[in-house]
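Okay, so here's the structure we're looking at.
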Amino acid sequence: MSSTITNTANFIQGDVKTRIDKWIANYPVDQKKSAVMPALRIVQETHNGYLTNDLMDQIAEYLEITPMEVYEVATFYGNYEHAPVGEIKLCICNSISCMLRGRDDILKHLENRLGIKPGQTTPDGRFSIKMVECLGACGGAPMMQVGKDYHENLTENSIDLLLEEWGK
């Protein structure tokens, strides 16, 4: 399936279905709903990085659970997006450890470099900034997560090097 699909009709098919089925196979037959988190992640990854109500409804139907059960998970956890985000999502840790070790300065530097604030996306669609709750890397504060990678002990210089690496 293309990663730029905009029509969500019958989205859970092909590779998306195969990937979700691998997760479902990890649980007892009567516990398909246990695969809701990986199903949400897979669908989000293959639909431009965010979920729509239609997509969540399809996940519910496929897992044979109510839409509300899917919505509860998708809205509780901060790693699920419900609107378009930038290609590179900078998740800034909002914990007390990161705050005490300079998160606010790092955030201000990012805002100045990218011209956006948390919750916004650059006009070119490349970058978004998102504030997230503790990412569990307090020893490396201040830190941020980008994709599956943690970037710890951030400084203005290390931020500049990362942005340069990402083409900004």
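What follows draws every value from the coordinates through simple rules; no lab data is involved. From a predicted model like this one, the values you see are computed outputs, not experimental measurements. Heads up, the Cβs are rebuilt from the backbone with ideal geometry, glycines too, and the neighbour counts pull from every protein chain shown.
Descriptive notes on the structure:
- Single unsatisfied condition, Lys89 versus (1) crowded, with 19+ Cβ neighbours inside 10 Å; (2) over 12 Å from the mean Cα position of the chain (by Cα): (2)
Residue-wise test of (1) within 20 Å of the chain's Cα centre (by Cα); (2) hydrophobic (A, V, I, L, M, F, W, C); (3) more than 28 Å from Gly86 (Cα to Cα).
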site: Ile12; (1), (2), (3): yes, yes, no
site: Arg19; (1), (2), (3): yes, no, no
site: Lys22; (1), (2), (3): no, no, yes
site: Lys32; (1), (2), (3): no, no, yes
site: Asp57; (1), (2), (3): yes, no, no
site: Glu61; (1), (2), (3): no, no, yes
site: Ile65; (1), (2), (3): no, yes, yes
site: Tyr71; (1), (2), (3): yes, no, no
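- Scanning segment 138-147 for residues that are over 19 Å from Glu165 (Cβ atoms) and in a helix (DSSP H, G or I) yields Cys138, Gly139.
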